[in-house]
Amino acid sequence: MTDKTEHQKTLYDKLWDAHVVEQQEDGNCLIYIDRQIIHEVTSPQAFEGLRIAGRPLANAKAMLAVPDHNVPTSADRATAKNAEDSQIQLDTLEKNCAEFGVEYIPMMDLRQGIVHIVGPEQGFTLPGMTIVCGDSHTSTHGAFGALAFGIGTSEVEHVMATQTLVLSRQKNMRIDVDGVLGNGVTAKDVALAVIGEIGTAGGTGHVIEFTGSAIRGLSMEGRMTLCNMSIEAGARSGLIAPDQVTFDYVMGRPKSPKGGAFEQAVSYWKTLTSDAGATYDKEVFIRAEDITPQVTWGTSPENVLPITGVVPNPADVRDPERKIAMQRALDYMGLEPGTKLSDIPIERVFIGSCTNGRIEDIRAVADVVKGRKVHADVAAWVVPGSGLVKLQAEEEGLDQILIEAGFDWREPGCSMCLAMNADKLEPHERCASTSNRNFEGRQGPKGRTHLMSPAMAAAAALTGYLTDVREL
Ligand SMILES: CC(C)[C@H](C(=O)O)[C@@H](O)C(=O)O
Ligand code: SF4
């Protein structure tokens, strides 16, 4: 419910109002869902539910399926032996899509990749839409000015059956980043700095709209990185108003509107901005110049500091709960308070994931490592976010730069972002990673993850330590 007049809506208000099917007495709304993307992990029970109920899909054309979490990323993926449970999930997705008539992008298709990279690439993700997926990082698609959020498996089934969801309206939050980002500072650093500032619960109950000149200055790739991590700041969705950068990205994609329909769409999309008089429930202002290259030291994305910092000391923390959590994180990470972050050695590097597996990310890595060598004690991987990202990188010769530097150039998938298949850290291995979660065991049992930007991960690969990319 909103009292705002037609002229004082936020972008979120506009997207919400445009999709309300029915207002319920308890204040919740039945919301129309334009599109659903599915992967192999959270769709099997949903399909099974439909099968048992004897229900068809409400609109198979509103769905797109792609396997990503469990696919092997080794060069021999077509024949590679997968773990049995991984293979079952992959086979089940393919079978379900054939049975229910859902478009399915197979593993060996050039378009295969991580759902949140494939949707935008294919023009399946468009401004103004409501987009869901049984995956928390669906927030990524908010970079297009779409209302996009992750849902649970029972909701996946509900959308399959009805193309709607019952939702409660979120509050409006605005994070404004104004100014110009410094050298070596990227969208990932903005995301980590925001989480450092507001905490992993800072956005709870809110949809975050990112505004300001530094946000406008980001490419679509950067905007996706930022919205991707809104979920790590507690918000289910992130939003950026669409502009010319968005329209240019969307134009000519396989599934985007063409010709006159595109022009018409753009004139609607141009209305998708927060009105000048619109108010937010919460506002945060950050100066772009204050953001430096960030790295995490602990087991939550909010355990983040500038690379110039030192490992914090639990003794300096008053709150007893926070003190215990910090000590636990340091024990898990095998770190001593006071250690300079740049003195922490790493053994693995993972460049990829739906946060940083796009072409711009791979270019940034190639830029840093060109003509240099990965440190002898480091095993470094680049896992492109999709087959199309991989192809583009190869056409630009980036794969050669990376391979010559000593990187392993792999096939697309979620891979070591969450270690659902063979791609994982050994216990106690320490990894510079461009992914989004550093939880205990996230990249493998007892594995230790430091989150950072692609350029920073590339710098770490070269030196064997967490490294300030600005000083290379
Ligand atoms: C497997 C999936 C449900 C999960 C998510 O929802 O995010 C995964 O993608 C992750 O990043 O942890
Ligand atoms: S790349 Fe990582 S965060 Fe993204 S969908 Fe896959 S597992 Fe989740």
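The values are calculated or read from the model by the stated rules, or taken from the named source; none is laboratory data. Please read all numbers here as calculations on a predicted model, not as lab measurements. So basically every Cβ, Gly included, is an ideal-geometry build from the backbone, and we count neighbours across all protein chains shown.
Here is the figure for the stretch 425-444: residues that are outside any strand (DSSP E or B) and either more than 21 Å from residue 81 (Cα to Cα) or within 19 Å of the chain's Cα centre (by Cα) (or both) total 13. Answer yes or no: is there a residue in the stretch 224-237 that is assigned to a helix (DSSP H, G or I), among the small types (Gly, Ala, Ser) and crowded, with 20+ Cβ neighbours inside 10 Å. Yes, that holds for at least one residue.
Among the residues of the stretch 265-279, which ones are in contact with a Pro (Cβ under 7 Å, 6 or more places away or on another chain) and over 15 Å from residue 12 (Cβ atoms)? Answer for the stretch 265-279, where residues must be in contact with a Pro (Cβ under 7 Å, 6 or more places away or on another chain) and over 15 Å from residue 12 (Cβ atoms): 265, 269.
Give 164, 130, 186, 138 a once-over and let me know the one that is in contact (Cβ under 8 Å) with a residue 60 or more places away in the chain and within 16 Å of ligand 2 (Cβ to nearest atom).
None of the others qualify; the one that does is 138.
Please determine, by comparing only the residues of the stretch 128-187 that are touching a Cys at 6+ places or on another chain (Cβ under 9 Å) and among the polar types (S, T, N, Q), which one is surrounded by the fewest Cβ atoms within 10 Å (Cβ to Cβ). For the stretch 128-187, the residue satisfying everything is 168.
Does residue 48 count as closer than 18 Å to residue 95 by Cβ, of a type in the set (D, E, K, R), out of contact with any Cys (no Cβ under 6 Å at 6 or more places or on another chain) and within 16 Å of ligand 1 (Cβ to nearest atom)? Considered against the rule, which asks whether it is closer than 18 Å to residue 95 by Cβ, of a type in the set (D, E, K, R), out of contact with any Cys (no Cβ under 6 Å at 6 or more places or on another chain) and within 16 Å of ligand 1 (Cβ to nearest atom), residue 48 comes out as no. For residue 140, state whether it is under 20 Å from the mean Cα position of the chain (by Cα) and of a type in the set (Val, Ile, Thr). So residue 140 fits the description; yes.
Among the residues of the stretch 316-356, those that are in a strand (DSSP E or B) and either surrounded by fewer than 18 Cβ atoms within 10 Å (Cβ to Cβ) or more than 25 Å from the chain's Cα centre (by Cα) (or both) comprise 340, 345. Residues that are of a type in the set (Gly, Ala, Ser) and either free of Cβ contacts under 8 Å to residues at least 60 places away in the same chain or surrounded by 20 or more Cβ atoms within 10 Å (Cβ to Cβ) (or both) occur in the stretch 28-51; there is at least one. Determine whether residue 372 is within 16 Å of ligand 1 (Cβ to nearest atom), touching a residue at least 12 places away in the same chain (Cβ under 8 Å) and in a loop (DSSP other than H, G, I, E, B). Against the criterion (within 16 Å of ligand 1 (Cβ to nearest atom), touching a residue at least 12 places away in the same chain (Cβ under 8 Å) and in a loop (DSSP other than H, G, I, E, B)), residue 372 does not qualify. Counting only strands (runs of 3 or more DSSP E) that fall entirely inside the stretch 264-314 and contain at least 2 residues that are surrounded by fewer than 21 Cβ atoms within 10 Å (Cβ to Cβ) and in the same structural domain as residue 190 (by the TED database), the qualifying elements are 282-287. Listed conditions (1) closer than 28 Å to residue 42 by Cβ; (2) not in a loop (DSSP other than H, G, I, E, B) are all met by residue 400, apart from (1).
Which members of the stretch 422-436 meet the condition of being in contact with a strand residue (DSSP E or B) (Cβ under 6 Å, 6 or more places away or on another chain) and not hydrophobic (A, V, I, L, M, F, W, C)? Those that are in contact with a strand residue (DSSP E or B) (Cβ under 6 Å, 6 or more places away or on another chain) and not hydrophobic (A, V, I, L, M, F, W, C): 429, 430, 433, 434. Looking only at residues of the stretch 411-444 that are within 13 Å of ligand 2 (Cβ to nearest atom) and charged (D, E, K, R), we find that the one that is surrounded by the fewest Cβ atoms within 10 Å (Cβ to Cβ) is 424. Remark: residue 23 falls outside the filter, which requires a residue to be polar (S, T, N, Q), touching a Cys at 6+ places or on another chain (Cβ under 7 Å) and within 16 Å of ligand 2 (Cβ to nearest atom).
Among the conditions (1) under 30 Å from residue 87 (Cα atoms); (2) touching a helix residue (DSSP H, G or I) at 6+ places or on another chain (Cβ under 7 Å); (3) more than 16 Å from ligand 1 (Cβ to nearest atom), residue 323 misses just one, which is (1). Would you mind stating whether residue 109 is closer than 18 Å to residue 135 by Cα and charged (D, E, K, R)? Criteria not met by residue 109. When the criteria are applied in full, residue 359 fails the requirement of being surrounded by fewer than 19 Cβ atoms within 10 Å (Cβ to Cβ), away from ligand 1 (no atom under 16 Å from the Cβ), modelled with pLDDT of 95 or more and not charged (D, E, K, R). A single entry from 167, 147 fulfils the requirement of being modelled with pLDDT of 95 or more, farther than 22 Å from residue 355 by Cβ and not charged (D, E, K, R): 167.
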